[in-house]
Every structure is written in C-alpha cells, then in structure tokens.
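To start, the structure under review is shown below, and the notes come after it.
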Amino acid sequence: MSTIQNIAWDIFESPIGPLTLEATPRGLSAVSFPGRGRPRDEAARDPEALAVAVAELEEYFAGERQTFDLTLDLRSSSFDRAVWERLREIPYGTTVSYSELAQAVGRPDIVRGVAAAVGRTPVPIVVPCHRVIGADGSLTGYGGGIQRKQALLELEGRVARGGAPEPAWAFRQLAML
C-alpha cells in the first residue's frame, strides 16, 4: 500500500457492476457501488493488497462462498458496529426485517436507528445489509439500488436451494437497469 493515508484501492468487475474496494493495513474498509465514494489517487491503486477480497467476492458470485473470512477495518460508533455484527449473523439465503434486526440488537425501541446503521454499512455484500427487508417483505432502500439488492437475494436464494447462480451476463443486464 503506497499512499499518504495508507488506503489501497482497486476495482472488482462484479456481475452486478464495478465495485470499488478499499483497504487499510488493518483490513477491508469500503466496498462502493458505481457512482458512490470519493475520488481516488491512481497511485494508491493496489490490486495485490485487495487480491484476497477479490477472490472471496468472486467465490461469492460463483455461488461457492456463503460467508466472508476477510479482516475488516470498520470505523464507526459502537452501536453501528453492533448492528453490523448482527448483520453478519443473518444466514445466507435468508432475510430479516428491520424490526427483527432491531430486536436482535436489543433495541426494538429504535428500529429507525437500526435501519440507519444498516444504511451506513461501509462494506455491503461482505456485511450482508442486503438481507434486511421491510416488515411486509418488501425490498427497501439499498445503497447499490433495489435492483442490485434483488439480484443478490435471488443469487443467494437460488444457491441456498441447491441451484446454480445466474450467468454473469444476467446480473449485468439487471445492474444496468
């Protein structure tokens, strides 16, 4: 990693569009969807520093990985980190509502606060914030767009039922909508 801030980055060409990955010396710190994030210093682009993250994401999209073993560097409040830890406990191929998540975090009184913490997840997909849905089963906000959330849930549902993931072109078609 060669930057003043010690943040390496690279772009992973995923089936749902390019994802910008960032890492500090302590671990993966951000996954950004197209049009999100900040300008980056080209000198800090370091594919080698993010090779493990790229490999695990490739396995995920191929239906070969259901949890991530990456070291993460997530900096936020203890409340946010508690919500993110609970997100990591949601089983692959399943969903929970925001109110169920708030209950699991021990704060059923602040469902909106829990929802806001979900929305601040800096490493979506790796911390599966896409697995949280509305109480009525509807797909609600997602930083990458509802179409990506739907694609991720369909991938996981298909694989969890023993099926194969969609070919990459099918994801790309959905990602362009």
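The values are calculated or read from the model by the stated rules, or taken from the named source; none is laboratory data. Since this is a predicted model, take the numbers as computed values, not measurements. All Cβ positions, glycine included, derive from the backbone under ideal geometry; neighbour counts span all protein chains shown. The accessibility values were calculated without ligands, DNA or RNA, using every heavy atom of the protein model including side chains. Shrake-Rupley method; radii C 1.70, N 1.55, O 1.52, S 1.80 Å.
Could you please tell me which pairs satisfy a Cβ distance under 8 Å, a separation of 6+ or placement on different chains, a first residue in the stretch 24-47 that is within 18 Å of residue 74 (Cα to Cα) and among the aliphatic types (A, V, I, L, M), and a second residue that is open to solvent by less than 30 Å² (accessible area, probe 1.4 Å) and assigned to a helix (DSSP H, G or I)?
28/50; 28/53
Is it true that some residue in the stretch 73-81 is open to solvent by less than 60 Å² (accessible area, probe 1.4 Å) and over 17 Å from residue 122 (Cα atoms)?
Looking through the stretch 73-81, none of the residues is open to solvent by less than 60 Å² (accessible area, probe 1.4 Å) and over 17 Å from residue 122 (Cα atoms).
Just checking: which of the helices (runs of 4 or more DSSP H) contained wholly in the stretch 49-162 hold 3 or more residues that are in contact (Cβ under 8 Å) with a residue 60 or more places away in the chain, within 18 Å of residue 19 (Cα to Cα) and not acidic (Asp, Glu)?
Numbers: elements: 51-61, 78-88, 98-105, 111-119, 146-160.
Because the criterion is at least 3 residues that are in contact (Cβ under 8 Å) with a residue 60 or more places away in the chain, within 18 Å of residue 19 (Cα to Cα) and not acidic (Asp, Glu), the helices (runs of 4 or more DSSP H) in the stretch 49-162 that meet it are 51-61, 146-160.
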